[in-house]
Ligand code: XLS
Ligand code: NI
Ligand code: NI
């Protein structure tokens, strides 16, 4: 197992526990550990992404690639390079031991000279992927199409002023949905990277909204046509690469879906760094999706509080992840979604082994956050506090208001009679924050006997 691209990692990453000094061992993540009656791996359904981890060499707008990625070599034949990339990726997945992966069509397949050539490249690599999936047992969490890198999408894909770009995007998505189905993918993601605008001087918001809605209807129709049973997911992000992206945040996407008769067809793929970029917390975005019955899956990463862009760093804060996980546990879990690392290394983390450290740390952090979340669920104090806070709405009076049988006139009469007079109750925020911190500090990371 040590041969290949990651020969410095001798084999499957073991569980070492907190006492281990081996940087290539998990400290907390233990797939088989039972948490609230379910295996840790089944709670988290973690996955690795192709995009940043295998298809990016570390280049940024200031400089060349820094990452040691021999399969990203322009001197190689594009299909031979693509096959090396896939070999490296599956070697990595198998050594890390995560059950899922995900990719954009262009992450694995060379563009070629035409759409037909791209499609046949993708088909050939999907055949290879199927073979690797069978041999390693690694499964596809989601597939997606890259509708943002090529110049044909510079003014958007579905929201492009040119219908030819819309059609090209439709062709790409249609084919990638077919590939996702063939590979047993459990979800299909749409992230509208260029669906937005840079200036309103050249942008017709009404037309672009109508185009986008049409596109999403076509996607939902194709799902039904091919019998894809997975979830369709939209990934909100407020900006970058466009100045303003239409799928700004969870609430914006949910409103758009409802206005366009698409409710129930799509759920949300929430990314932590996109939440903070929108001025929200990750917790807020997850809770908003759950409140609308639209929680789909998670792209796990984090931003940097010192700058305002999508740095997509690997998660390393238990505090940031514990409450989103708490909401997910209370809502019955993340399946058929999962937690995948749409995260990238820092440009100076140039060794191939750094990719292991990043994923090990991310998995340990999410695992620890799961333990904290489970502790909060088991103690039940947060839930009991919330129930008590809203108990008035379960009373006869509250139910009558919500039931719709009282008008403003009725309510005025009851308030004016002196029968109703609110008495303010403390929100107890600090007391509740202390409960969360207590679980963060107290949770037992020791493995189950
Ligand atoms: C970019 C997005 C992208 C999506 C998939 O910011 O996070 O990685 O997850 O297209
Ligand atoms: Ni991102
Ligand atoms: Ni993402």
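Which angle between 0 and 90 degrees, to the nearest 10, do you get for helix 205-226 versus the longest principal axis of the chain when only C-alpha atoms count?
Roughly 70 degrees between the two axes.
Give me the one-decimal nm value for the distance between modelled label points at residue 154 and residue 330, 7 Å along each residue's Cα-to-Cβ direction.
About 4.8 nm separates the two model spin labels.
How do the peptides 274-287, 50-63 rank, highest first, by the average count of neighbouring beta carbon atoms within 10 Å per residue?
274-287, 50-63
Going by alpha carbons, how many degrees (0 to 90, nearest 10) lie between the helix axis of 282-291 and the longest principal axis of the chain?
70 degrees
With every atom except the alpha carbons ignored, what do you get for Rg and Dmax of segment 278-368, in angstroms?
Every Cα atom of segment 278-368 included, Rg and Dmax give 13.8, 43 Å.
What percent of all Cα-Cα pairs in segment 48-107 falls in each 10 Å bin, counting up from 0?
22, 52, 24, 2
I want to verify a result. In a Gaussian network model of the chain, Cα cutoff 10 Å, which of these has the top mean-square fluctuation: 82, 25, 413?
413
Among bridges DSSP assigns within the chain, what percent are antiparallel (round to 5)?
If I count the DSSP bridges inside the chain, around 20 percent turn out antiparallel.
When the Kirkwood radius is taken over all Cα pairs of segment 1-149, what Stokes-Einstein diffusion coefficient follows at 20 °C and 1.002 mPa s, in µm²/s?
Rounded to a whole number, D works out at 126 µm²/s.
If you average the alpha carbon positions of segment 378-449 and of segment 1-58, how far apart do those two centres end up, in angstrom?
About 40 Å separates the Cα centre of segment 378-449 from the one of segment 1-58.
Report, as a whole number in µm² per second, the diffusion coefficient that Stokes-Einstein gives for segment 2-41 at 10 °C and 1.306 mPa s using the Kirkwood radius over alpha carbon pairs.
Rounded to a whole number, D works out at 137 µm²/s.
Checking the a/c ratio against 1.5 first, then a/b against b/c, what shape does the Cα gyration tensor give for segment 110-151?
oblate
Can you grab the distance from the C-alpha centre of segment 102-133 to the C-alpha centre of segment 339-366, Å, no decimals?
The two parts, judged by their Cα centres, are 25 Å apart.
Given 10 Å bins starting at zero, what is the percent of C-alpha pairs of segment 75-211 in each, up to the one with the largest pair distance?
Bin by bin from 0 Å, the calculated values are 12, 38, 30, 15, 5, 0.
Over the chain, what portion of Cα pair distances is larger than 39 Å, expressed as a whole percent?
25 percent
Enter the angle in degrees (range 0 to 90, nearest 10) between the Cα long axis of helix 354-379 and the first principal axis of the Cα atoms of the chain, meaning the one along which they spread out most.
20 degrees
Please report, for the Cα atoms of segment 151-260, the Rg to one decimal and the Dmax as a whole number; what are they, in angstrom?
Here Rg and the maximum Cα pair distance are 13.8, 44 Å.
Give the peptides 170-178, 197-205 in descending order of average Cβ contacts within 10 Å, highest first.
Sorting 170-178, 197-205 by mean packing, highest first, produces 170-178, 197-205.
Quick check: Cα centre of segment 311-338 to Cα centre of segment 213-275, how many Å?
A separation of 20 Å, based on Cα centres.
Tell me the volume per residue, in Å³, of the convex hull enclosing the alpha carbons of segment 368-412.
93 Å³
Over the Cα atoms of segment 254-300, Rg to Rh with Kirkwood Rh, two decimal places?
Radius of gyration over Kirkwood radius for segment 254-300 works out to 0.98.
Using the per-residue mean of other Cβ atoms lying within 10 Å as a proxy for protection, in what order, highest first, do the peptides 34-44, 302-312 fall?
34-44, 302-312
Assuming a viscosity of 1.306 mPa s and a temperature of 10 °C, what translational diffusion coefficient in µm² per second does Stokes-Einstein assign to segment 356-449, Rh being the Kirkwood radius over Cα pairs?
For the chosen part, D equals 92 µm²/s.
What percentage of all Cα-Cα pairs in segment 169-221 are separated by more than 18 Å?
The calculated P(r) of segment 169-221 puts 42 percent of pairs beyond 18 Å.
How long are the three semi-axes of the equivalent ellipsoid of segment 197-267, in whole Å, if each is the root of 5 times an eigenvalue of the C-alpha gyration tensor, listed from largest down?
With the √(5λ) rule applied to segment 197-267, the semi-axes are 24, 13, 11 Å.
Values in this text are rule-based calculations from the coordinates and carry no lab data. Please read all numbers here as calculations on a predicted model, not as lab measurements. Cβ coordinates were reconstructed from backbone atoms using ideal geometry, including for glycine residues, and neighbour counts include every protein chain displayed.
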